[in-house]
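The values are calculated or read from the model by the stated rules, or taken from the named source; none is laboratory data. Since the structure is predicted, the reported quantities are computational estimates derived from the model, not experimental observations. With ideal geometry, Cβ positions are generated from the backbone for all residues, glycine too; neighbour counts draw on all protein chains shown. Each accessible area value is taken on the protein alone, full model and side chains, heavy atoms only, with ligands, DNA and RNA left out. Shrake-Rupley method; radii C 1.70, N 1.55, O 1.52, S 1.80 Å.
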Amino acid sequence: MDTNDQSEWEPAVNALLSDGYQILTYDYPEHIDDQSRTLEDAISFIAATGARKIILVGASRGGVASIKVAARNTNSDAIVGVVALSAPIEYEGTIFYNNHELSDIKIPKLLINSENDDGVNDTRKMFELFEGSKELLICPGNAHGTELFHQEESIIKKLRNFAKSVFAAYGS
């Protein structure tokens, strides 16, 4: 998320670490609209440490990066799932991905947002465009991105269940 405050991820990171998963969080080196190249560098790093199966998880602009990378890597064996919290399709005139790119993502997808977030309509539209395995969680309130972790306990449970089912399906 644009705050670049990794402590915002602690509820999710702690839960997933307790399940035995490796976690890598990262900061953006600069404020640019498309952070997907930064994410690809992070993926290369974690893959070099031995990670064989990767689920991308991002919030807001980080969710955009996760979806963009998932769309570009439809044939990658390493990326097996994608989770986006409050990720828009468009923001301030910048369109991050088109309908075709979204419908081409074949790996399991989980979209999370709050019912009063500015981008909730984009979340619903993405869910409609996605094909294959997909889940949607719309929470009460107006939390955005990682703020959702502190306002809705069901998100951590949903994230853990998603990771468990995706890795089980891919034999990890």
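Got at least one residue in region 62-72 being within 13 Å of the chain's Cα centre (by Cα), assigned to a loop (DSSP other than H, G, I, E, B) and at pLDDT 90 or above? Let's see the steps before the verdict.
Our first condition is that a residue be within 13 Å of the chain's Cα centre (by Cα); within region 62-72, this holds for 62-71.
Narrowing the set further to residues that are assigned to a loop (DSSP other than H, G, I, E, B) leaves none.
Checked against the condition, which is being within 13 Å of the chain's Cα centre (by Cα), assigned to a loop (DSSP other than H, G, I, E, B) and at pLDDT 90 or above, region 62-72 yields no hits at all.
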Anything in region 87-106 that is touching a residue at least 40 places away in the same chain (Cβ under 8 Å) and of a type in the set (A, V, I, L, M, F, W, C)? List them, or say none. Phe96
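Based on this model, can you work out whether Glu128 counts as farther than 22 Å from Ala12 by Cα, open to solvent by 60 Å² or more (accessible area, probe 1.4 Å), at pLDDT 95 or above and not β-branched (Val, Ile, Thr)? Reasoning before the result, please.
On the way: farther than 22 Å from Ala12 by Cα: yes; open to solvent by 60 Å² or more (accessible area, probe 1.4 Å): yes; at pLDDT 95 or above: yes; not β-branched (Val, Ile, Thr): yes.
Judged against the criteria, Glu128 is a match.
Out of contact with any Ser or Thr (no Cβ under 7 Å at 6 or more places or on another chain) and either more than 27 Å from Arg37 (Cβ to Cβ) or surrounded by fewer than 15 Cβ atoms within 10 Å (Cβ to Cβ) (or both): which single residue out of Ile107, Ile156 fits that description? Spell out how you get there, then give the answer.
Numbers: Ile107 fails: either more than 27 Å from Arg37 (Cβ to Cβ) or surrounded by fewer than 15 Cβ atoms within 10 Å (Cβ to Cβ) (or both).
Residue meeting the stated conditions: Ile156.
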Does region 19-38 contain at least one residue that is at pLDDT 90 or above and open to solvent by less than 30 Å² (accessible area, probe 1.4 Å)? no
Can you find even one residue in region 81-104 that is within 17 Å of Gln22 (Cβ to Cβ) and open to solvent by 50 Å² or more (accessible area, probe 1.4 Å)? no
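Just to be sure I understand, how many residues within region 95-140 are assigned to a loop (DSSP other than H, G, I, E, B) and either of a type in the set (Lys, Arg) or touching a His at 6+ places or on another chain (Cβ under 6 Å) (or both)? Talk me through it step by step, then tell me what you get.
Filtering region 95-140 down to residues assigned to a loop (DSSP other than H, G, I, E, B) leaves 96-98, 104-108, 115-119, 130-133, 140.
Keeping just the survivors that are either of a type in the set (Lys, Arg) or touching a His at 6+ places or on another chain (Cβ under 6 Å) (or both) gives 106, 117.
So the count comes out to 2.
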Any chance Asp122 is farther than 23 Å from Asp5 by Cβ, surrounded by 15 or more Cβ atoms within 10 Å (Cβ to Cβ) and at pLDDT 95 or above: yes
Name the residue, out of Asn161, Asn113, that is closer than 12 Å to Val83 by Cβ, polar (S, T, N, Q) and surrounded by 15 or more Cβ atoms within 10 Å (Cβ to Cβ). Asn113
